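Working notes, structure below.
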Ligand code: NAP
């Protein structure tokens, strides 16, 4: 029950109405019987400064950050974790006596299902499709896992060059090569992990795949296909990968695990991951 003492959490973004975060966080808060509520907080880009002043005034305890604020939020924070500095973006903010602090839990979310596989990542070459915000968290995650070589594939040579350059001053050493899509046939036969970070295949373009079956056929038999998209489930990309008998990982677990890591920071106690996972699966109609 919400009372006068209930503490406030939320998610800022624009648009925010499709965010699944309120579903999983409120399910977790209810399960933990904590006096908190997690709200969608629509904030236009031009209103971020006044929103931050308002959040301090109403004693918001913490919040998730989504598009378009993940980079813009950084100047408003008194401290940013090394992992968020490496990614160049913040997705989780919490209040302290000395001001707002920020981190990025997308990396933890991304690596969680990979760690569960008990694989030797020190021999694993990775191909990342796309060079946007999520690709940055994936680069950091693969580097943390110990992957010796990360290949990033994009369609715009200038953006690829900027992406490559951006790691020169990062607080971690990244072994990264960039490629255009037409170079994929040269690198696919050596990849242990192929990650889609583009929106290709996302609802409503559910019949699209970033790679066709003939390209996915070039992967080694032991390769893992990972799609950051969580609706539809499975995506066309993961359907093709499964037909090839590859291990297929969808984006829901990343969403759950990045949320669980954020909730652990805000509430200072372990998050009920299974409750969060099931609340989303039910909300999406994947289970009764
Ligand atoms: P973003 O910053 O906009 O990056 C998207 C990337 O995909 C860009 O590099 C873009 O290329 C590329 N791209 C888009 N359309 C393309 C096309 N038709 N052909 C080739 N490349 C294309 O977005 P983001 O924040 O990284 O998110 C990307 C995806 O990851 C989304 O589907 C999002 O839902 C998902 N995601 C999932 C989670 C999770 O928890 N599961 C977390 C974060 C993101 P250009 O740069 O050339 O435009």
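What follows draws every value from the coordinates through simple rules; no lab data is involved. Just so it is clear, the structure is predicted and the values come from calculations on it, not from any experiment. Glycine also receives a Cβ, built like all others from the backbone with ideal geometry; neighbour counts cover every protein chain displayed.
Here are some notes:
- The C-alpha atoms of the range 132-184 occupy a region whose extents along the principal axes are 28, 21, 17 Å, arranged from largest to smallest.
- The antiparallel fraction among DSSP beta bridges confined to the range 88-182 stands at about 35%.
- Relative to the longest principal axis of the Cα atoms of the chain, the long axis of helix 273-283 lies at roughly 80 degrees.
- Of the Cα atoms belonging to the chain, the radius of gyration and Dmax stand at 19.2, 61 Å.
- Alpha-carbon centroid distance for the pair the range 81-111 / the range 1-79, whole angstrom: 14
- Computed Rg/Rh of the range 1-102, alpha carbon atoms with Kirkwood Rh: 0.96
- The label point for residue 49 and the one for residue 173, both projected 7 Å from the Cα toward the Cβ, are 4.1 nm apart.
- Between residue 217 and residue 35, the simple label model (points 7 Å from Cα in the Cβ direction) yields a spacing of 6.4 nm.
- Our estimate of slack between residue 7 and residue 58, defined as 0.36 nm per intervening residue step minus the Cα-Cα distance, is 17.4 nm.
- The sum of -39500 (n - 2.57) across all DSSP H runs of n ≥ 4, divided by the residue count of the chain, sets its helix-only mean residue ellipticity at 222 nm to -10500 deg cm²/dmol.
- Annotation: the antiparallel percentage among DSSP beta bridges lying fully within the chain is about 20.
- The range 149-288 - Rg (one decimal) and Dmax (whole number), Cα, Å: 17.2, 48
- Relative contact order computed over the chain (Cα-Cα under 8 Å; 6+ residues apart), in percent: 17
- Sites residue 120 and residue 265 - FRET efficiency at Förster radius 30 Å, r taken between beta-carbons, to 0.05: 0.50
- Potential lengthening of the chain between residue 162 and residue 243 amounts to 25.6 nm, from the contour at 0.36 nm per residue minus the alpha-carbon distance.
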